[in-house]
Amino acid sequence: AQRVTQPEKLLSVFKGAPVELKCNYSYSGSPELFWYVQYSRQRLQLLLRHISRESIKGFTADLNKGETSFHLKKPFAQEEDSAMYYCALSGANYGQNFVFGPGTRLSVLP
Amino acid sequence: KAGVTQTPRYLIKTRGQQVTLSCSPISGHRSVSWYQQTPGQGLQFLFEYFSETQRNKGNFPGRFSGRQFSNSRSEMNVSTLELGDSALYLCASSGQGGNTIYFGEGSWLTVV
């Protein structure tokens, strides 16, 4: 069965500190992994996807198939990074059948 | 380009009633999916439509149904509402060949 876990409900860090939001998944196959973010009073939006291998707003995430993880990292957190972060998996050969993790609320303190 | 638009934004219904929610995807997007978001269960996939056909379906009872029109607009319907159906219902769309989905702001449904 497809499943995404995010062990931390809430993560608080100080501005300028490194941040890592954990995501683990279970899927028998080759999934696509995503991070979605929801800022206060805004809609859910894509932050990054593993196949793009890009850095968005200073965030990066590496897919580790051996550990079935897709942790989100940023070396220096900013106050504007405070938001709800969701890890998501798409395992269908086509279509939008996404499985989302429960989310981690990141709070960056001044 | 206008984003994904959902109507109504907020509504209150009574147990046993039925409700219809509407979603207009981003222009040119032909795939529309629906998600239910609750504090207890998080974001759960309901179903997906592509070219007026249901392509994927989540694990929800038959009271939850949807459809898509020729202009890609989609509706979802929940019949015989239960208190547990109170949730934020999110619609998302994507373009052909893309696996990135773009969300609407959602419809807040409260069942009393």
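Computed from the coordinates by the stated procedures, all read-outs in this text should not be read as laboratory data. Bear in mind that the values here come from a model prediction, so they are computed numbers and not experimental data. Glycine also receives a Cβ, built like all others from the backbone with ideal geometry; neighbour counts cover every protein chain displayed.
Listed values, structure above:
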read-out: Order of A:H50, B:H29 - criterion: other Cβ atoms within 10 Å of each residue's Cβ, fewest first; value: A:H50, B:H29
read-out: Straight-distance crosslink candidates among aspartates and glutamates, where the alpha carbon sits under 12 Å from B:K57 and sequence neighbours closer than 8 are dropped; value: B:E48
read-out: Total formal charge among the other residues, if their Cβ is under 15 angstrom from that of B:T53, Lys/Arg +1 and Asp/Glu -1; value: +2
read-out: Dipole in debye (nearest 20) - the protein assembly as shown, about Cα centre, beta carbon charges: Lys, Arg +1; Asp, Glu -1; value: 220
read-out: B:Y10, A:Y85 arranged by Cβ crowding within 10 Å, fewest neighbours leading; value: B:Y10, A:Y85
read-out: Loop-located GluC sites (Glu not before Pro) in the range B:1-84, at most 15 other Cβ atoms within 10 Å (DSSP); value: B:E52, B:E82
read-out: Alpha carbon centroid spacing (whole Å) that separates the range B:10-89 from the range A:29-80; value: 26
read-out: Residue exposure sequence - B:F47, A:F70 - by fewest surrounding Cβ within 10 Å; value: B:F47, A:F70
read-out: Inter-label distance for A:Q42 and A:S107, nm, one decimal - labels placed 7 Å from Cα along Cα-to-Cβ; value: 2.0
read-out: Cβ-defined net charge surrounding B:Q96, 13 Å radius [Lys, Arg +1; Asp, Glu -1]; value: +2
read-out: Exposed-site-free run, longest, chain A (rule: GluC sites (Glu not before Pro); DSSP loop; at most 12 other C-beta within 10 Å); value: A:1-53
read-out: Chain B: most fluctuating residue of B:G40, B:G28, B:G95 per GNM, C-alpha cutoff 10 Å; value: B:G40
read-out: Segment A:H50-A:R3, length gained on full extension (0.36 nm per residue, minus Cα span); value: 15.2 nm
read-out: Å³ per residue enclosed by the Cα convex hull of the range A:46-110; value: 104
read-out: Backbone HN-Hα couplings from phi across the range A:42-49 [Karplus 6.51/-1.76/1.60, Hz, Gly and Pro as x]; value: 10, 7, 5, 9, 5, 9, 7, 10
read-out: Alpha-carbon Debye profile of chain A, log10 I(q)/I(0) at 0.10, 0.19 Å⁻¹; value: -0.26, -0.93
